[in-house]
Amino acid sequence: MEPEDEIYENGGEQPARSKPIISGEQLDVEAYASLYKDRTKVARLLFIADHCNNEAMQLEALRMAYDEIKKGENTQLFREVVEKIGGRLGDKYGMDAAWCETVDRKAELKKERLENELNSYRTNLIKESIRMGYNDFGDFHYAHGALGDAFKSYVRTRDYCTTSKHIISMCMNAILVSIEMGQFTHVTSYVSKAEQTPDSLDLITVAKLRCAAGLAHLETKKYKLAARKFLETGPELGSHYNEVIAPQDVATYGGLCALASFDRTELKNKVIDNLNFRNFLELVPEVRELINDFYSSHYASCLEYLGNLKPNLLLDIHLHDHVETLYDQIRHKALIQYTHPFVSVDLRMMANAFKTSVAGLEKELEALITDNQIQARIDSHNKILYARHADQRNATFQRVLQTGSEFDRDVRSMLLRANLIKYDHNLRASRKL
């Protein structure tokens with residue numbers, strides 16, 4: 001048997017490595033919610049309550065959402081949460097009609113005052129005051145959950161912006177509301193508009209814009225672009241944008257999108273060796289370890305981390321719809337990366353490396369071969385994958401024939417041109433014209 005025909009083994013025992021304990025525990029709702037503030041905190045808690053199968057976790061999320069909403073002025077959302085609780089948390093978490101009435105009455109008075117002030121500013125044509133008036137209206141509508149009206153009010157300030165800082169403030173407000181409404185085309189548009197005034201952008205604002213752009217790309221399933229934006233986010237972000245995203249989310253979103261879309265070189269240069277992004281990865285050790293395992297070809301460990309993270313990722317408001325797609329792409333990349341260096345692979349050893357059955361692995365490989373992502377063929381009887389290598393001899397003959405045809409064509413063209421010049425054909429043609 002020739003050396004290149006040997007069956008290469010790459011599924012044996014891995015050397016012992018120190019790694020942190022994989023967290024397969026259920027989500028700590030209180031710790032998770034503490035990462036956020038304002039409306040996104042409530043939205044994430046309600047998302048957990050709607051999508052988790054654990055009643056205790058569901059009630060914990062609803063209890064925290066109830067307490068958080070009562071700190072604000074959104075009575076409509078309060079009523080919805082009370083309806084979802086349905087008396088399961090006792091009288092303390094029931095309908096508080098007196099609170100709703102008080103908040104609504106104050107809201108009516110405040111709205112009337114804001115309208116009078118804005119009309120006064122319009123009459124006096126004071127640009128800065130009109131801008132502030134619309135801004136106050138935007139804050140008012142946002143606090144009461146009228147996101148569409150809040151967006152309109154914030155955008156109306158654009159005509160009254162006199163400095164680049166005002167424009168950036170308008171863009172950041174529009175981006176915040178657009179993310180919560182799920183209007184990610186607006187997010188992309190206003191991120192671009194804010195980036196057109198780079199002189200007034202501080203590092204924290206730049207980091208916020210990167211996150212917003214990353215979320216917009218993630219929502220449209222442009223995972224490579226999303227990964228780049230999250231990877232470009234500076235450590236200055238800290239907890240300055242926790243009304244939208246936490247630093248832990250940047251690590252998780254960026255890491256998974258990079259694994260699904262980057263090749264090995266990009267993964268090494270832009271993720272593993274990225275000092276800024278390393279600060280985010282330190283906050284989520286599981287994501288850091290699974291990225292290192294993937295790059296080191298420790299696929300079983302990598303997939304184990306992913307499996308343990310999956311239940312909690314499915315409860316993430318932004319990542320929920322993309323988990324299955326990202327996981328499939330990461331697994332396919334791992335399979336392709338595993339088979340690439342070898343002439344032949346024993347499917348039993350490969351199945352062991354991926355902690356799966358031979359039959360299941362065979363089906364996955366068949367799909368990748370059919371999709372032309374792996375150039376190989378499967379010996380189903382002996383359970384061996386053989387790589388297809390191009391016939392070098394035939395390819396050389398084809399190149400020689402092509403070169404000969406090109407040479408023949410060039411010589412004929414030269415002879416034709418020489419004869420045209422010899423008989424002065426071009427000169428006569430120009431005289432006739």
For this session: Would you please put 91-102, 358-369 in order of how densely packed they are, using the mean number of other Cβ atoms within 10 angstrom per residue and starting with the highest?
Result: 358-369, 91-102
Exercise. Can you give the helix-only mean residue ellipticity at 222 nm for the chain, where every DSSP H stretch with n ≥ 4 adds -39500 (n - 2.57) and the sum goes over all residues, rounded to the nearest 500 deg cm²/dmol?
Worked result: -21000 deg cm²/dmol
Problem set entry | Total charge dipole magnitude, the stretch 14-154, about the Cα centre, Cβ charges on Lys, Arg, Asp, Glu only, Debye to nearest 20 | 440 debye
Exercise. When only C-alpha pairs under 8 Å and at least 6 residues apart count, what is the relative contact order of the chain, in percent?
Worked result: 15 percent
For this session: Starting from the Cα of D263, step 7 Å along the direction of its Cβ; do the same at A43; then give the gap between the two resulting points in nm.
Result: 3.7 nm
For this session: Calculate the length of the line joining the C-alpha centroid of the stretch 235-256 to that of the stretch 322-381, in whole Å.
Result: 33 Å
Seminar exercise, completed: Which of (i) 1.16; (ii) 1.10; (iii) 0.97 is the computed Rg/Rh (Cα atoms, Kirkwood Rh)? It is (i)
Exercise. Going by alpha carbons, how many degrees (0 to 90, nearest 10) lie between the helix axis of 127-143 and the longest principal axis of the chain?
Worked result: 90 degrees
Problem set entry | Fraction of beta bridges assigned by DSSP in the chain that are antiparallel (%, nearest 5) | 90 percent
For this session: Please determine, in degrees from 0 to 90 and to the nearest 10, the orientation of helix 97-124 with respect to the longest principal axis defined by the Cα atoms of the chain, where the helix direction is its Cα long axis.
Result: 80 degrees
Problem set entry | Taking all pairs of distinct alpha-carbon atoms in the stretch 187-261, Kirkwood radius in angstrom | 12.2 Å
For this session: Which order do the peptides 238-251, 48-61 take when ranked by the mean count of other beta-carbon atoms within 10 Å per residue, highest first?
Result: 238-251, 48-61
Exercise. Got a sec? Charge dipole of the stretch 79-173, +1 on Cβ for Lys and Arg, -1 for Asp and Glu; which of G145, T163, T123 is way out at the positive end?
Worked result: T163
Seminar exercise, completed: Nearest 10, in degrees from 0 to 90: the angle of helix 55-69 to the longest Cα principal axis of the chain is 60 degrees
Exercise. How much length is gained if the chain between H425 and R79 is pulled fully straight, taking 0.36 nm per residue apart and subtracting their Cα-Cα distance, in nm to one decimal?
Worked result: 115.4 nm
For this session: Kindly report the accessible area of the chain per residue (heavy atoms of protein chains, probe 1.4 Å, no ligands, DNA or RNA), in Å².
Result: 55 Å²
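The values are calculated or read from the model by the stated rules, or taken from the named source; none is laboratory data. Treat the numbers as computed from the prediction; the structure is a model and nothing was measured. Ideal geometry is used to build each Cβ from the backbone, glycine not excepted, and the neighbour counts take in all protein chains shown. For accessibility, only protein heavy atoms count, side chains too; no ligands or nucleic acids. Shrake-Rupley method; radii C 1.70, N 1.55, O 1.52, S 1.80 Å.
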